[in-house]
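Remarks on the structure that follows.
Quick note: the coordinates plus some simple rules give every number you see, no bench work behind them. Please read all numbers here as calculations on a predicted model, not as lab measurements. For neighbour counting, all protein chains shown are included, and Cβ atoms are generated from backbone atoms with ideal geometry for every residue, glycine included.
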Amino acid sequence: MITLRRAVDRVTVQRHKQVVRISFPTPPAVVGASTQPPGYGCLLALDEHHLPPGCGVSRHAADEAEILTWMIAGTLAQEDASGRSGVVDVGEWQLMRMARGLHHQERNASQTSWAHFIRLSLRPPAARAPFSASQVRVSLADRRRGWYLIASSDGRRGSLLLGQDVSVSAVALGTGQHVLHALDAGRAAWVHIVRGSAEVDDLLIGSGDVLGVSDVPAVSMLAREDTEVLLVDLPAPVEAALGATG
């Protein structure tokens, strides 16, 4: 089964000069409707952020979450209420475990260029964990060799260690290049086209398109041009948050 949302159908919002393209918008409250939160299984959010030069934003963690950030362009400077600070540079991935109630500030470290990053949020594991942050740099050359494991539940191959039964991988494909991602029984994949276009199981998708794939043994992908893809392998959701096609 395929759950598809085109780039033009994703919600774009502006928050204090920051432009955010949201994959799972919160639906309006309806009396008597299901209270299932937006998302795809334990994947709560996967959004694209564009932050103008020098712009800063404040965040308050209403709930615990594991947050993975991929800096595509620019540098993000961060600081929280406890005095912890750091930066995430272009090409780096940061995993942060956010505790409930934590106040966190971040800003574009450049005064001349926009920052661009992708951020995904995972439902926290059952066991409560203290705040932590870790980072890894993954080059374009690494992603061109095939699926590169960014984060996983067991930290294999030097990946960032997640508390959920999830793995996150990225790949950079050349025109005509084909890759497969195998799915074990009971697993699903959430695919995000960062740039370019590709055929995924005979469905043509382009930059900014996102889709969930379940009930298949593998995700097959053929690049129509130079293409970068982010893939989240996770337990298959009981029911998709979006309408399904296929």
### Task
Restrict the check to the stretch 227-244 and report whether at least one residue is more than 19 Å from LEU46 (Cβ to Cβ) and either in a strand (DSSP E or B) or basic (Lys, Arg) (or both).
no
Per the filter on the stretch 164-188, residues touching a strand residue (DSSP E or B) at 6+ places or on another chain (Cβ under 9 Å), under 14 Å from ASP233 (Cα atoms) and outside any strand (DSSP E or B) are GLN164, ASP165, VAL166, LEU183, ASP184, GLY186
Expected single match for surrounded by 21 or more Cβ atoms within 10 Å (Cβ to Cβ), assigned to a strand (DSSP E or B), among the aliphatic types (A, V, I, L, M) and under 14 Å from the mean Cα position of the chain (by Cα) among VAL213, VAL191 is VAL191
